[in-house]
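The block underneath contains the structure these notes are about, expressed in structure tokens.
Read-outs: derived from the displayed coordinates by stated rules, not from any lab. Source: prediction; values computed, not measured. Note: ideal-geometry Cβ built from the backbone for every residue, glycine included; neighbour counts use all protein chains shown.
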Amino acid sequence: MSRIGRAPITVPAGVTVTVDENNVVTVKGPLGTLSEKINSRMTIKNEGAVVLVERPTDEKEDRSMHGLSRTLINNMVVGVTSGYSKVLEIYGTGYRATMQGKNLLLYMGHSLVNGMPQAQFTIPQPEGITFEVAEKVVPPTITVKGANKQQVGQVAAVIRSKRAPEPYHGKGIRYAGENVRRKAGKAGKAGK
């Protein structure tokens, strides 16, 4: 048996889990509503404060889908109760981020127009996601928050891809705690 798959999912107070006949699981909580279609071979039992996922056979595909299905439902329950967040750090001279309405503006270099810095990247805030920018800390940080774990990770990856950290100076956007392997630069010619 899958250790992850057979673990019960505890549903906290204030969260409702519903399963329809097509195995679409809908979770409603204080931070919103999430729904996901689970593999039709899995049996989902909603017993009030506990949700159980069972598989029909011990075939390889059923074993792998068992743990995945349980994890997807658990991620929805955690998402609507406490939510998920990813923190990105900005390294580099002149690199910064600001909020303009619901848009995240990234300044990633020395592009000046009439003496004013211009945003090189504008990232609109998707539905269900919030951005928080801390400019006064060193290094400046961008926090991506939301109830959907996959969406939070995807938006954070898009932001990071706008200027991934480079290995020579370490400039760019990186996840908090990410270790960037540094390379040695070219050695200058001594005495000519």
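Between helix 60-81 and the chain, what is the angle of the helix's C-alpha long axis to the longest principal axis, kept within 0 to 90° and rounded to the nearest 10? That works out to roughly 70 degrees. Multiplying the residue separation of ASP58 and SER82 by 0.36 nm and subtracting their alpha-carbon distance yields 5.2 nm. In the structure shown, do any of LYS86/LYS183; LYS102/LYS149; LYS37/LYS145; LYS86/LYS145; LYS86/LYS149; LYS28/LYS102 have a Cα-Cα gap over 18 Å, and if so which? Over 18 Å apart, Cα to Cα: LYS86/LYS183; LYS102/LYS149; LYS37/LYS145; LYS28/LYS102. The stretch between VAL137 and THR26, if pulled fully straight at 0.36 nm per residue, gains 36.1 nm over its current Cα-Cα span.
Between ARG181 and SER40, residue separation times 0.36 nm minus the direct Cα-Cα distance comes to 46.4 nm.
Applying both filters, DSSP loop and at most 14 other Cβ atoms within 10 Å, to the GluC sites (Glu not before Pro) of the range 1-89 gives GLU21, GLU47, GLU59. Of the trypsin sites (Lys or Arg not before Pro) in the range 128-180, the ones in a loop by DSSP (not H, G, I, E or B) with at most 16 other beta carbons within 10 Å are LYS136, LYS162.
Run the Debye formula on the Cα coordinates of the chain, all scatterers equal and no solvent, and tell me log10 I(q)/I(0) at q = 0.12, 0.13 1/Å. Scattering profile of the chain, log10 relative to I(0): -0.74, -0.81. For the range 13-109, what does the alpha-carbon gyration tensor say about shape, rounded, prolate or oblate, given a ≥ b ≥ c as the root eigenvalues, a/c under 1.5 as rounded, and a/b over b/c as prolate? Cα axes put the range 13-109 in the prolate bin. The long axis of helix 149-161 is offset from the longest Cα principal axis of the chain by roughly 20 degrees.
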